[in-house]
Every structure is written in C-alpha cells, then in structure tokens.
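Enquirer: Have a look at the structure that comes next, please.
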Amino acid sequence: AEIMSSFVSTKSQKKTSKKGTKKKLKEVDANSSSQQQSSEQQEESKKKKGKISAEEEGGIVKVKTSEINDATRVRNRRLVEEVVHNTSPAMNHEFMANSLRKFGAEVSKKVCDDVDSDDEDDDGGEEAATRLAKCLAFRRFIITKSLLLMSGSSSIVRAGARFGPLEVRSAAAMDKKTASTMRIAASLTLGPLLLVEFCAHCYELEQTSIIVASSQSSNSELSLAQLSMRAFTACVRGMACDAPQHAMSKASRVNALLTSAMGKASSAVPSSKDGWNFYRELVDNGDACVGVPEDELRLGKTLFSFLSLAMTSSESSNNSKESNTTTRLCLFSELLSNGMHGEAAECCHLISSSAEAFSEPNMKEQLGVVLLRAWELGPPPGGEEDCGERLGVLGLDHGEMDNGNNNMDTCVSSAIKVAMKMNCGLDGNTHVPLPDNGESSSSSSSGDDNLRTARSKMGLPTTLVENWPEKHQGRLEKELLSTSSGMIGIGTQVAWALSATLDIGKHFSATFDKNSPTKKQLKLDLIKAAAKTSDANFAREKGSISNTISSSIDDALNNADFVTLKMIPHMSDGSVDLAQRFVSCLLFSVSKMISASAPSADFLDANGSFASTLLKSTKRLYGILARLMLSFMSNPQSLTSKETKCFLDYLTATLMPRVSALLLTLQEKQETAGGKFLAESKIESHGKTSALLVFEKEKLDNALLKLGTKLKQAGL
C-alpha cells in the first residue's frame with residue numbers, strides 16, 4: 001500500500017513541477033547562469049582530483065575502459081543488484097508473503113464484512129490497502145509470481161549473488177547448500193498462505209474451475225483456486241528437494257509444511273477447522289506398515305486429509321431411534337463430488353509431489369491405489385440407497401452445478417498417470433527373481449511379508465489385495481495363488497477396467513473361457529465416472545490413458561532390451577542365469593499388459609492408433625524374446641526355470657491368440673467414428689505394422705527351432 005500510494009504522490013508532484021519550471025526559466029538572469037557555470041566547473045575539477053566520492057554521485061563511478069578490473073565489476077554488479085532488489089520486491093518471497101498477509105483472501109473477507117456494515121455512500125474514502133485487498137487481479141499477480149518463483153521459472157535477486165532461478169546450483173556465489181536452504185525457507189513461508197488462498201477461493205463459485213469450464217472459452221485462464229493449489233504444490237516440491245546437509249529428512253520437511261498449512265487454514269478459514277481436525281485425530285493402523293521409517297508414517301497420516309477412502313459412520317440421535325449416516329470425504333474426493341475437476345487435477349500433482357518424500361515404495365503404491373479409488377463416493381444422498389450426509393474437509397456444496405454440466409474436463413487420466421508413476425510403471429507388475437534363501441511360499445502370511453520386504457529393498461512395490469475394492473479381492477487372490485499370474489499391479493487393473501467398461505471386440509470372445517472374471521470384478525468407479533461425461537471429454541480421457549499405457553510398455557521394453565543386448569552377452573555363467581530370469585519376468589509383465597489392453601483397443605480411439613501401437617510393442621517383444629532364446633544356447637539348463645516356463649506358457653496360451661484377434665480387428669478397421677473412411681496413408685501404416693509383426697514372429701520361431709535342436713543334441 002505504501003509503494004502504491006508513494007507512486008501516486010510522486011507522479012502528481014512531477015506534473016505540477018513542470019508548469020512551474022516554465023515560468024522560472026524566463027526569470028533566470030545572467031548572474032545565476034554564470035554562478036551555475038562556475039559551480040559546474042568546480043564539480044568537474046573535483047571529479048578529476050577524485051575528491052567526490054561514489055556516494056555523492058549516486059553510487060556509480062564512471063571509469064575508463066583501461067581502468068576496469070575484476071574488483072570494479074564485482075562492486076558495480078553488487079550495487080546494481082541491490083538497486084534492483086529494492087525496486088523489484090516481487091522477486092523476493094518475503095514481499096509476496098507480506099502481500100498475501102495484508103491483501104490476501106483472508107483479509108479480503110474481513111474487508112468485505114466491514115464495508116457491508118458501513119454506509120455504501122462513502123466509497124471515495126477507501127484506503128489503498130482496502131482497494132488492493134478487494135482487487136482479484138493484484139491477488140492473481142502475487143500468486144502467479146509465487147508460482148514462478150517456486151517452480152524456478154522466475155529469477156531471484158540476492159545481494160552479492162548472480163541473477164538466476166531458485167533451482168540454480170552452478171552459480172559461483174550460490175552453492176548447492178545455499179540454494180536448497182533458500183528454497184526450503186521460501187516454501188515454508190509461502191506454502192501455508194497459498195493453502196489459505198486455495199481454501200478461501202473454493203467457497204466462491206466464480207473463483208473455481210466450475211465457472212471457467214462452463215464459460216467454454218479457449219482463452220480462459222486458470223481459476224484462482226486452481227492457481228493457488230498449483231503454487232502450493234510447487235512449495236511442497238520445494239520442501240522435497242535434495243538437501244543432503246539439511247537436519248530434517250524429506251518426509252519430515254514435507255510433513256512440517258502440510259501440518260503448518262493445515263493449521264493456518266483452520267484459523268484463517270474457520271469453516272474448515274472441523275474437517276482438518278477430524279483427519280488429524282484419526283488413529284492409523286501401524287500393523288500394515290512394518291519396516292517404514294517413523295517420519296514417513298507421520299507424513300502418510302498427514303496426507304489422510306488430502307487423500308483417503310470415504311469413511312461412513314452411523315450416529316443415533318437422542319430424540320429418535322433412527323441412526324444418521326455420515327460419509328466423510330477427503331479433500332480430493334470432496335473436489336470430485338462438487339465438480340471441481342480442475343482443482344482435483346492440481347491435487348493429483350500435490351499428492352505426487354508429496355509422495356516423492358517416501359523412500360518406501362509400498363507407501364507410494366498404496367497412495368496410488370487409494371487415488372484410483374477416490375471416486376468411490378457411495379450412493380448419492382436422497383437416492384434409493386441413501387448414504388446420508390456427505391461431509392468434506394472444507395464443507396463445500398457445489399454439487400448442483402456438477403449435475404447439469406457434463407461438458408467440463410475431468411481428471412481421470414491425470415489420476416491414472418500419477419498412480420502408474422507411484423507403481424513404478426510396470427515394475428510393480430514384475431515378479432523379480434530373488435535368491436533361493438529369500439523366497440518363501442506365497443500362500444503363507446510370513447511368505448508374503450518376506451517377499452514384500454525383499455522387493456521393498458530393491459525399490460519395487462508389492463500391492464496388497466486388501467487395498468482394492470471387495471468385489472476385486474476374490475479374483476486377485478485366485479491370481480496370486482496361480483503359478484502363472486506373476487504380480488498384481490495398477491497398470492493391469494486399469495487395463496481390465498477399461499475392457500469391462502468399454503466392451504471388447506468381436507474377435508476376442510474366443511480368447512476368454514468360462515473361468516474368466518466377470519465385468520463386476522473388473523470395473524473401477526473412476527472409469528465409469530469418465531464414461532458418463534461428454535463424448536469429447538471421454539475421447540480426450542481415453543487418448544491420454546492409452547498414451548500412459550503405451551509409455552509404460554515402452555519403458556519396460558527398453559529395460560528388457562538393454563539387459564538382453566548390453567549385459568547378458570558379457571556376463572559370466574554364474575550371473576547370466578539371474579539376468580535371463582529377470583528379462584523373462586519383465587517380458588511377462590509386458591505380455592500381461594498387452595493382453596489386458598488388446599480387447600478394448602478398438603474402442604479407445606477412432607482410427608486404430610492404439611491397436612497399432614500395441615502391435616508395434618508386440619513386435620519389439622518378439623524381437624527381444626528371440627535374442628533371449630538365443631542367449632540360452634550357452635546354458636540351456638536355465639531354460640527350465642520357473643519364471644521362463646510361466647512366461648512361455650502365457651505367451652502361447654493367452655498373448656498370441658489375442659494378438660491374432662487384434663490383427664483381425666485392425667485389418668477390418670476402415671472407418672472412423674464419424675463414418676468417414678480412413679486415409680490411405682493410415683491404412684498403409686497399419687499394413688506395414690502388421691507385416692513387420694509377422695516377420696518378427698517368424699524370426700522368433702527360427703530362434704526357438706535352433707534352441708530346440710540344441711536341447712535335443714544335449715539330451716534335454
């Protein structure tokens with residue numbers, strides 16, 4: 001306020017001085033001009049003698065080119081940076097924090113209440129602070145500057161240091177320790193204030209993504225609530241940065257920020273106090289988290305407010321015998337139930353950034369499963385199966401706007417992408433071979449714990465059947481007991497949910513038998529929620545989900561290709577067996593992903609691009625498998641390992657029939673969804689993909705034939 005008011009006062013003074021100078025110039029006599037000339041001559045003589053200091057000349061000394069040295073450059077650079085630091089306070093996180101405290105949403109609410117209580121005729125007497133507190137454009141400017149600062153897109157100014165973003169590590173005057181300390185301090189200062197901005201803006205419908213989506217404007221900017229959550233996520237990411245010399249761990253730093261932010265939001269937005277306190281007072285079950293560090297357990301409990309399953313409780317009233325049912329929703333589920341999908345998408349990134357502080361992979365995987373199940377809100381209140389009252393953390397009630405607007409963009413694909421990341425791609429589906437002394441029977445609870453602990457040490461998650469919906473648990477237990485199932489992962493669960501929701505192609509019916517699971521055992525609520533939106537939004541979601549699946553398959557194939565091509569040929573006999581088993585398990589997980597995605601590939605896009613991508617991945621799989629089979633020529637005894645046997649059985653019984661059905665589906669693909677014919681270039685591309693797949697299959701058959709001859713000669 002003082003900056004703005006001083007700017008206005010100096011501007012008005014300059015305007016009045018210009019009028020007076022014209023009159024004074026006419027009254028200047030020759031004596032005054034001569035005196036001025038003499039004074040100028042004296043000043044020039046003093047400069048030559050070096051009697052005038054740098055402070056008298058404004059702090060800048062003019063020197064000749066020959067007199068410039070390193071000391072002069074350093075001194076002038078510091079002077080310039082100090083001037084910019086004083087005149088550009090928006091680059092300083094303390095300025096932005098003070099602006100949010102003085103002119104943020106919390107102060108704006110108090111100002112609006114005070115204005116409503118006073119007379120509305122006295123508008124001209126408002127102070128600058130009041131105008132800035134009610135100015136949404138200025139608030140958006142401060143939040144945007146905070147986002148740019150914390151994300152490293154904006155330069156910072158520090159006296160004696162170079163200009164550069166906050167994440168710069170290589171600057172001579174800012175080492176890694178100083179940069180990380182500055183980033184942590186800025187995150188801890190701005191984070192609580194930005195969460196307050198998010199909570200306060202969520203109550204105003206005009207400042208949420210609901211109104212932005214209903215406007216249907218291509219040039220519409222982010223809502224203030226969505227922008228605030230994005231800036232808060234940048235602060236969480238700053239707390240989780242690498243700071244090896246910091247006294248606190250990543251989990252402790254992130255937990256400190258979230259705890260402080262929730263406490264600040266409870267006091268600034270009183271209507272959210274009960275919601276934050278409810279999750280803060282929950283008692284976590286520590287039995288399911290054996291071997292997890294204490295600081296990570298505390299962080300996991302703090303994240304309950306942002307992401308957890310819906311909890312239903314019944315309370316009997318004193319006046320009547322009927323019980324009142326209440327369903328508690330976390331912040332993410334509350335945003336979904338109110339149609340605030342833009343803010344929910346930013347909350348997905350917040351959860352992903354917070355999960356970076358975990359060193360335990362099972363904690364990340366558990367968060368990923370809960371993220372996919374966040375759409376399980378139960379039956380709506382007042383329906384046939386009344387779930388009673390829904391209470392969220394903030395207590396929002398924008399549900400009526402969501403019921404009549406199905407054209408807004410949802411965040412299903414964002415949640416799936418984050419969940420797949422927490423599952424380490426397809427690594428969570430991969431059964432990594434362990435030493436014989438570390439393996440135990442998978443049917444016993446102690447064996448499951450040993451397997452879970454051993455995979456955790458290798459950075460691989462192991463999903464629990466209890467984490468998934470009850471209708472899925474029977475099917476998942478059967479898959480774990482079977483010898484050819486491998487591991488359960490988030491990727492295959494999403495792929496099967498797509499097939500159960502979208503339907504399967506006509507050529508895939510023969511690839512399923514009577515023991516196949518039902519659609520009820522495969523569906524997920526988030527896929528069903530996306531299917532209920534507009535056709536345009538559902539098409540975008542399906543395209544994004546298919547890209548996520550394709551990327552995970554490519555990453556797994558890249559790892560298998562590297563081990564097969566670069567490592568196995570140079571390994572000794574003792575270690576090559578373990579590497580071959582690992583590649584077999586990795587290709588097994590890829591085969592399961594392709595087999596689960598192929599039945600619904602025709603319904604994920606209109607021109608068959610996803611089906612063609614799956615065939616290209618299958619072609620790569622056949623090529624890697626051919627090289628793997630040839631590597632068994634030196635040690636044919638390793639071919640009898642359990643991992644390789646299960647993979648080859650699944651390849652013959654399941655993958656190849658579904659790939660053949662996918663080839664027939666792509667061959668018949670000649671029209672798009674609009675009834676138009678595919679372009680000839682697209683049809684030609686599909687034909688080349690199919691031909692290359694058949695060629696790689698022939699190469700694989702030749703490799704198997706050579707290996708069979710070798711085994712016959714060895715008497716195996």
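Enquirer: Amide H to amide H under 5 Å from T312: which residues, 5+ apart in sequence or cross-chain, H placed 1.01 Å off N in plane?
Expert: Those lying under 5 Å, H to H, from T312 are R328.
Enquirer: So for each of 415-427, 622-634, 366-378 I average, over its residues, the number of other beta carbons within 10 Å; can you give me the resulting order with the highest mean first? Show your work: numbers first, answer last.
Expert: Values: 415-427: 23.8, 622-634: 20.1, 366-378: 21.8.
Ranking, from highest mean packing down: 415-427, 366-378, 622-634.
Enquirer: What net charge is computed for the residues neighbouring Q207, neighbours being all others with C-beta under 15 Å from the C-beta of Q207, Lys and Arg scored +1, Asp and Glu -1? Intermediate results must be reported in sequence, preceding the final value.
Expert: Numbers: positive: K109, K134, R139, R140, R230; negative: E106, E197, E204, E206, E221, E343, E346.
Result for the neighbourhood of Q207: -2.
Enquirer: Let me ask something else. At S634 and L136, where each label point lies 7 Å from the Cα along Cα→Cβ, what is the point-to-point distance in nanometres?
Expert: 6.9
Enquirer: How far is it, in nm, from the label point at F677 to the one at V465 when both lie 7 Å from their Cα along the line to the Cβ?
Expert: About 5.3 nm separates the two model spin labels.
Enquirer: Take peptides 462-474, 324-336, 98-110, 569-581 and line them up by average Cβ neighbours within 10 Å, highest first, as a rough protection proxy.
Expert: Values: 462-474: 15.9, 324-336: 23.1, 98-110: 18.6, 569-581: 13.8.
The densest-packed peptide leads the list: 324-336, 98-110, 462-474, 569-581.
Enquirer: At 0.36 nm per residue, minus the direct Cα-Cα distance, what do D397 and A536 gain on full extension? Give it in nm, one decimal, please. All intermediate terms of the calculation are to be shown ahead of the outcome.
Expert: Details: separation 139, 0.36 × 139 = 50.04 nm, distance 2.66 nm.
Gain on extension, D397 to A536, equals 47.4 nm.
Enquirer: For R390, which sequence-distant residues (separation of 5 or more, or a different chain) have an amide H within less than 5 Å of its own amide H, given hydrogens modelled in the peptide plane?
Expert: T327
Enquirer: Quick check for you: with a 1.4 Å probe and neighbouring chains kept, what is the accessible area per residue of region 544-599, in Å²?
Expert: So region 544-599 comes to 36 Å² accessible per residue, rounded to a whole number.
Enquirer: Work out from phi, with θ = phi - 60° and the Karplus expression 6.51 cos²θ - 1.76 cosθ + 1.60, the ³J(HN,Hα) of each residue of region 465-481, listed in order in whole Hz, and give x for Gly and Pro.
Expert: In residue order, the calculated couplings are 4, 5, 6, 8, x, 4, 5, 9, 5, x, 5, 5, 5, 5, 5, 5, 6 Hz.
Enquirer: Using only the alpha carbons of region 506-640, determine the length spanned along each of the three principal axes and report them from longest to shortest in whole angstroms.
Expert: Here the spans come out as 57, 32, 25 Å, largest first.
Enquirer: From the phi angles alone, apply the Karplus equation (6.51, -1.76, 1.60; θ = phi - 60°) to region 348-359 and give each ³J(HN,Hα) in whole Hz, x where the residue is Gly or Pro.
Expert: After applying 6.51 cos²θ - 1.76 cosθ + 1.60, I find 4, 5, 4, 5, 5, 5, 5, 5, 5, 7, 7, 9 Hz.
Enquirer: Here's a follow-up. For region 128-134, take each phi angle, set θ = phi - 60°, evaluate the Karplus expression 6.51 cos²θ - 1.76 cosθ + 1.60, and give the result in whole Hz per residue in order, putting x for glycine and proline.
Expert: Coupling constants for region 128-134: 5, 5, 5, 5, 5, 5, 9 Hz.
Enquirer: Continuing with this model, one more query. Going by amide H atoms built from the backbone, whose H comes under 5 Å of the H on L678, apart from near neighbours?
Expert: E671, T672
Enquirer: Let me ask something else. Rounded to the nearest 0.05, what FRET efficiency do E206 and V74 have when you use their Cβ-Cβ distance and R0 = 60 Å?
Expert: On the way: r = 51 Å, r/R0 = 0.85.
Given R0 = 60 Å and the Cβ-Cβ separation, E is 0.75.
Enquirer: Another question, if that's okay. My understanding is that a pair violates if its Cα-Cα distance is over 32 Å; which of K642/K712; K532/K697; K528/K566; K457/K478 do that in this structure? Let's see the in-between values first.
Expert: Details: K642/K712 20 Å; K532/K697 40 Å; K528/K566 43 Å; K457/K478 26 Å.
Over 32 Å apart, Cα to Cα: K532/K697; K528/K566.
Enquirer: Stretched out fully, how many nm does the piece from E684 to D555 gain, at 0.36 nm a residue minus the Cα gap? List each step's numbers first, then the result.
Expert: Numbers: separation 129, 0.36 × 129 = 46.44 nm, distance 2.69 nm.
This chain segment gains 43.8 nm when fully extended.
Enquirer: Once the mean 1/r over all distinct Cα pairs of region 632-716 is inverted, what Kirkwood radius in angstroms do you read off?
Expert: It is 15.8 Å.
Enquirer: With a 10 Å radius around each residue's Cβ, average the other Cβ atoms per peptide and rank 697-706, 259-268, highest first. Provide the component values of the computation, followed by the final result.
Expert: Numbers: 697-706: 15.0, 259-268: 18.8.
So the peptides 697-706, 259-268, ranked by packing, come out 259-268, 697-706.
Enquirer: For an R0 of 30 angstrom, estimate the FRET efficiency from the Cβ-Cβ distance between Q713 and K566 and round to the nearest 0.05.
Expert: Values: r = 29 Å, r/R0 = 0.97.
It comes to 0.55.
The values are calculated or read from the model by the stated rules, or taken from the named source; none is laboratory data. Please read these numbers as outputs of a predicted model, since none were measured by experiment. Using ideal geometry, Cβ is built from the backbone for each residue, glycine included, and neighbour counts are taken over all protein chains shown. Areas reflect the complete protein model, heavy atoms only, side chains present, ligands, DNA and RNA absent. Shrake-Rupley method; radii C 1.70, N 1.55, O 1.52, S 1.80 Å.
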